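Notes follow the structure.
The values are calculated or read from the model by the stated rules, or taken from the named source; none is laboratory data. Worth saying up front: this structure is predicted, and the values here are computed from it rather than measured. Here the Cβ is made from the backbone with ideal geometry for all residues, glycine too, and neighbour counts use every protein chain on show. These accessible areas exclude ligands, DNA and RNA; they are computed on the full protein's heavy atoms, side chains included. Shrake-Rupley method; radii C 1.70, N 1.55, O 1.52, S 1.80 Å.
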Amino acid sequence: MLKSLQLNWLAGALVILVLICWSGVASASAEWPQRSILMVIPFNPGGATDQIGRTLEPLMEEKLGVPIAAQNMPGGATSIGNQYVFDAPHDGYTILVEPTDITSIAVMGQSKLTWRDWNILGVAAAVPAVFVIHPDSSIKSIAELATVMKEKQLSVGVAASGCAWTRAISLFAKENGVKQPMLVPMGGGHPAALAALKKEVDLAVCGVPEAIDLIKGKKLTALAYMGAEDIQEPFIPAITKAFPGFNKFVPFGGWVGMAVAKGTPANVVAKLQNAYNYAVNSNKFKEFLAENNFLEVGLSGEDAEEYVAVSTSVNAWLLYDLGVAPISPEEFEIPRP
Amino acid sequence: MLLLEIIVGIIFLIFFLYLLILGIEMPEYGQFWVSPGAFPVILNILLLLLSLWWVIAQIINLREKKELKNQVVKLSALFSAKEEWKRLVFISVLTLAYIYWLTPLLGFSIATVVFLTISLKLFGKINWLKCTGVGVLITILIYLAFRYVLNLPMPT
Amino acid sequence: MFDWTALFSATALFYIVFGTFLGIIVGALPGLTATMAVALLVSLTYGLSPVNAIVVLVSVYLGGIYGGSRAAILLNVPGTPSSAATALDGFPLTRRGEGAKAGIIVTTFSALGGILGLIILILASPFLANFALKFGVWEYFWMAIFGIFMSSNLTSSRIYKGLIAGFMGMLISCVGLDPIHGFGRYTFGQTSLMGGISLVPAMIGLFGLAEAFEAIRNPLSHSREDSEQEQVPLFQLFVSSLKMLFKKPILFLRSGIVGTLIGALPGVGPDIASWVSYGLAKRSSKEKDKFGQGSYEGVIASETANNAATSGVFIPLLTLGIPGCAVSAVILGGIQLHGFRPGPTFFFENLSFIYFIVGVLFLTNIIMLIEGTFLTKIISKVLKVNIGIIMPVVIVLSVIGAYAVNLRNFNVGVMLVFGFLGIIMRQLKIPAAPMALGIILGPMADLSFRRGLLAKSYSVLPFFTRPISLVLILTIFMVTIGPNLLKLFRKIRLKRS
């Protein structure tokens, strides 16, 4: 029947197969993490969220001992990324770089998720808003901008409907009593700055780090940024110089943190928290923040959750009162700040 | 296969009309044409027109060639079990079984061996031993390459 | 100062050789694309020095884009979307027994195309980058439409069939959460549909699974004639590809330039470049009828362009810090993490880094040429095995590939659906390539349209009055609609007489 050589061959193959299956079973009972982790970034590459996520990624990898794969998943003002991570098994293998939009997507009607659905590992950095415009534009200062907006409805590039930059420009328009602009969501702060560069829009609002290179290279003019002190290199005036009334709002903009879905086992969260703390406290990360004009926030664990809760109250009600958000925060039991 | 195309074309017309209605009903954010429904509506209108063109063109073709009887014969021949379609049915059923029955039952690796062995025997014109051997070998190669070189987990 | 001479160290060269090899294999496998390969390797590169990390990413990408042509030519299964046009003429050539020859020619031209793109990059980057900036959302809308019309016209005898496939593809891309407002379109309440229908599983289904099923149903569709070409030694094949270069220099130059320019437009990339180049080549060819039946001009046009585009992608990246596609975004991230901030002033202030990139691209293309030539002969021999043995393996790879995209079982289901859809479409003579392109370009058209309206107070006018938009509209008309209308008129006139 079967020749002995072929029989040997078959036996050998079966043995190998058994070994493979065994190793599969053996590894199943080992500790978390056993395989690579997916880090979802709910915005396009190049933006503040993306930069922070990708900077933290290798640092967290060191602590966790497994590869972390960063995946951009833009869309729906971060609701697509949020929903994806929330729908994935709550086992710690899918984590989310969470920007400010979690405070607004519920009232904007883009998602049913709020901060209560997440274990916030921490809030790493704050990103102040900057107003940028093409150098050819006739508007040369933030005061001129207000004047022009009295008569004209400008088109303004922002990241997404309801994002931090939307709030920034809407606040600016409301405080100065001028026309609310037509918002053009470009899918991220960096694409918004590019839209201004390409003259697709009259003005763009985005995070300082997202436009800093273009401002340095003189491709965009920064009219002002929403902070208290002028930035020196490159020179960006603080909005409070021309509009002292904004002192009570600055620094104004977005923040970026990291989160994992509620319901993830406590020991997994603890390990992630550990890795996150290590990453944000590292010199590499602090240098990165300083070089790119991010403001360090450095909150983690429960402090961070409280911060996000307050942020939600402030942002959701701001958007609703300004008429930008269609749904009342009351529907999500978000108290007034 | 003209008759088949006409039938499918008409099905498309109904389908795209349905999608068009769904699109029109999508919510407005400021103005309809900047809202989620805008692009689907445009696409469905285009698709309706194109499907109409398709159906009409094929009907004209049919009338010119006066082939209606011929086409009906061809159509029924299409659905009778010819050797070729048998093979298609086999491989389709085998693939579906592989994904939805064998893999959950036996784990991906073993399921792959089984799938490969059976399909190689059916379509590969080699004897049982070679089929199993190749099946096992390829599965091992794939497993090693994906797990260790590319760091990809196997499907569950 | 950046030590770009580290490029020539043994480790870096090893990484180029290994990276290109890996890229070619992954790109060639039906089920895995170049973009996926890079995404998978990114985290593995963080432990490496900046030089080696970038070297790996670039070589895998270039290898991957080239690798897609291997399976496209030999199996009629494009390994990457950018090789879909190559399969049109590549596979008929394989059936004529000239698969290896076609493979070698494509290898040579791909490498040369990449190098041509590199030369353009060195000479004209800042100028081209600034020109690319003139393309606003309105132009991107028309580019998406252009891509659909182009591929529809080239893959179907009746353009309406291709257009149906193309627009259906765009409709499919609308399924899921709308990117601007977050509204769930065509989701029918299913959470799995809210994530949308990913391109890769759909492509694997349409091209991989459908082809596998079709080949098993009808093994004769993959039969190959015996040809003396099979016995020709490698070196001679290489020489004949160089001869082809001298015979058709304009074809090469045009494909390379078109590829580089389209690659330089952020967000566009090698997928469209191959179609546009193929279409232009067909229009200017003296042997138009050969296209689709096994024309060397066709495969040259398509593959030269898509590799030139990989060099083109670096133009906006290095001059303005704008990533042109998912892969270049990853590469940009890699560059930034190691301390470099490509931006407007970067190009002139960091010449050493630029030399480095140029060096990497050049070396990778050369190594790709060498590896590709040898691999092609081997792959070609391997694939001579009975199709009934190859196709089940293709099916297994397709399942793995569909799952590997983002580890969702749903995607395997998507692949199956598109596999069966692919079979039905073949019976109806509706081409699959425009559908894949439609899925890719759908979001570009959708978002550009809506953003364009928002940016100019709901006015449609800029779509028709901006200069570059007008040029694009005219091109669409002249290259696709026009000739079809002429055909129609001639038919009508013939009938009347």
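List of remarks:
- Counting only DSSP beta bridges whose two residues both lie in the protein assembly as shown, roughly 65 percent are antiparallel.
- Rolling a 1.4 Å probe across the protein heavy atoms gives chain A an accessible surface of 39 Å² per residue.
- Restraint check, C:Lys161/C:Lys487; A:Lys152/C:Lys134; A:Lys174/A:Lys198, Cα-Cα greater than 22 Å: A:Lys152/C:Lys134; A:Lys174/A:Lys198
- Of all aspartates and glutamates in the structure, those lying under 20 Å Cα to Cα from B:Lys86, and not within fewer than 8 positions of it along the same chain, are C:Glu211, C:Glu214.
- Using a probe of 1.4 Å, the accessible surface attributed to C:Ser497 totals some 120 Å² when neighbouring protein chains are kept in position.
- Spatially proximal lysines relative to A:Lys284 (Cα-Cα < 17 Å; intrachain offsets below 8 disregarded): A:Lys63
- About its Cα centre, segment C:86-167 has a charge dipole of approximately 240 debye under the convention of +1 per Lys or Arg Cβ and -1 per Asp or Glu Cβ, with nothing else charged.
- Computed over neighbours whose Cβ is under 11 Å from that of C:Gly343, the net charge equals +2, Lys and Arg +1, Asp and Glu -1.
- Residue among A:Glu144, A:Glu200, A:Glu31 with the largest mean-square fluctuation in a Gaussian network model of chain A, springs linking Cα atoms under 10 Å: A:Glu31
- Area of A:Glu62 that stays accessible when all protein chains are in place (1.4 Å probe, Å², to 10): 120
- Rolling a 1.4 Å probe across all protein chains gives A:His134 an accessible area of roughly 40 Å².
- About the Cα centre, charge dipole magnitude for segment C:135-277 (Lys/Arg +1, Asp/Glu -1 at Cβ), debye: 320
- Cα-centre dipole for the protein assembly as shown with unit charges at Cβ (Lys and Arg positive, Asp and Glu negative), debye to 20: 4260
- Using a Förster distance of 30 Å, the FRET efficiency for C:Leu494-B:Ile45 (Cβ separation, nearest 0.05): 0.40
- Förster radius 30 Å - calculated FRET efficiency between C:Lys429 and C:Glu225 (Cβ-Cβ, nearest 0.05): 0.80
- Prolate/oblate/rounded label for chain C (Cα gyration tensor, a/c 1.5): rounded
- Spin-label model distance (nm) - C:Phe14 vs B:Gln31, 7 Å beyond Cα toward Cβ: 6.1
- Listed by chain and number, the aspartates and glutamates whose alpha-carbon sits under 15 Å from that of C:Lys282, ignoring those within fewer than 8 places in the same chain, are C:Asp89, C:Glu297, C:Glu303.
- Apportionment of accessible area to carbon and sulfur, chain C, percent (1.4 Å): 69
- Helix-only CD estimate at 222 nm, as mean residue ellipticity for chain A, using -39500 (n - 2.57) per DSSP H run (n ≥ 4): -13000 deg cm²/dmol
- Gyration tensor verdict on chain A (Cα atoms; rounded if a/c is under 1.5, prolate if a/b is larger than b/c, oblate otherwise): prolate
- Buried accessible surface for the C/A chain pair comes to about 3100 Å², total over both chains, computed with a 1.4 Å probe.
- Accessible area per residue (1.4 Å probe, heavy atoms of protein chains only) ranks A:Asp303, A:Asp101 as A:Asp303, A:Asp101, with the largest value leading.
- Among the trypsin sites (Lys or Arg not before Pro) in segment C:272-364, those located in a DSSP loop and surrounded by at most 16 other Cβ atoms within 10 Å of their own Cβ are C:Lys286.
- Solvent exposure ordering (accessible area, 1.4 Å, most first) of C:Glu371, A:Glu296, A:Glu306: A:Glu306, A:Glu296, C:Glu371
- The residues A:Arg35, C:Arg185, C:Arg224, C:Arg493, sorted by heavy-atom accessible surface at 1.4 Å with ligands and nucleic acids left out, run C:Arg493, A:Arg35, C:Arg224, C:Arg185 from largest to smallest.
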